[in-house]
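The values are calculated or read from the model by the stated rules, or taken from the named source; none is laboratory data. Since the model is a prediction, treat every value here as computed from it, not as a measurement. Using ideal geometry, Cβ is built from the backbone for each residue, glycine included, and neighbour counts are taken over all protein chains shown.
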């Protein structure tokens with residue numbers, strides 16, 4: 001998927017940590033993919049989110065919603081088929097989205 005690849009490339013180019021994609025289209029209707037990444041600080045997390053938004057806007061791609069920007073511990077960016085989660089490393093370890101969705105996949 002082109003949008004998924006663009007988002008991953010944008011995050012990797014801005015030094016996001018441990019960028020992962022999860023195919024969730026068989027488990028839910030909320031999206032086809034999650035992109036999960038970490039930043040080194042709240043400033044880095046905001047910069048990652050800003051860069052994703054700015055780069056996609058250049059191609060007239062806009063998010064349906066962005067949540068968590070003010071706290072910058074976990075920013076969620078909803079692009080319809082792709083939902084981006086940008087975490088601090090500690091928040092990512094606490095929520096363990098990758099593990100959660102892997103468990104859902106195994107149950108199905």
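Observations
- Segment 75-94 residues that are on the phi < 0 side of the Ramachandran plot and modelled with pLDDT under 95, paired with ones that are surrounded by 21 or more Cβ atoms within 10 Å (Cβ to Cβ) and assigned to a helix (DSSP H, G or I) (beta carbon under 7 Å, 6 or more apart): 88/45
- The single condition among (1) in contact with a helix residue (DSSP H, G or I) (Cβ under 7 Å, 6 or more places away or on another chain); (2) outside any helix (DSSP H, G or I); (3) buried (at least 18 other Cβ atoms within 10 Å of the Cβ) that residue 20 does not meet is (3).
- Single residue of segment 29-43 satisfying the filter (touching a residue at least 12 places away in the same chain (Cβ under 8 Å) and part of a loop (DSSP other than H, G, I, E, B)) that is nearest to residue 80 (Cα to Cα): 31
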